1. Taking residue 77, is it touching a residue at least 40 places away in the same chain (Cβ under 8 Å) and either farther than 16 Å from residue 96 by Cα or under 11 Å from the mean Cα position of the chain (by Cα) (or both)?
2. For the stretch 56-74, give me the residue count where each residue is under 13 Å from the mean Cα position of the chain (by Cα) and either within 19 Å of residue 142 (Cβ to Cβ) or in a helix (DSSP H, G or I) (or both).
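Coordinate-derived values only; no laboratory data. These numbers were taken from a predicted model, which means no experiment stands behind them. Please note: Cβ atoms are built from the backbone with ideal geometry, for glycine as well, and neighbour counts cover all protein chains shown.
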């Protein structure tokens, strides 16, 4: 008698197709050899919020975002990590902010010691930067990241 009552009931909750994660996102994956060091670098230099944003960008926007659906460029992300490793941010200012760009890049913004805005965008082909103090824009090649980071440090 109880079996008949249970068979006639419908499920109370159903998971909509749009809310299901694709199998590759929900699967367990092996970390790359330098991934743990990169995670620690982000926590140290950008704080928990910056780390969380980059983690979110890498894991949830891998297939693209925005109107054009550009995916985050692996070259841009690699350049971003190399830059963050070398650059020094002012200790007395807020942690840098991190953004995705419509062109598939990643942008880093912070205030220098004088409180002026500094913006650096990492793209698939190079690096673009803007310094509010001098109202200057510039371009740099990936090979020049270390020199650029020294120029923009604290």
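1. Yes; evaluated as a whole, the condition is true for this residue.
2. Qualifying residue count for the region: 9.
One line per residue, one yes/no per condition, for (1) loosely packed, with under 14 Cβ neighbours inside 10 Å; (2) under 23 Å from residue 44 (Cβ atoms):
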site	(1), (2)
98	no, yes
113	yes, yes
130	no, no
148	no, yes
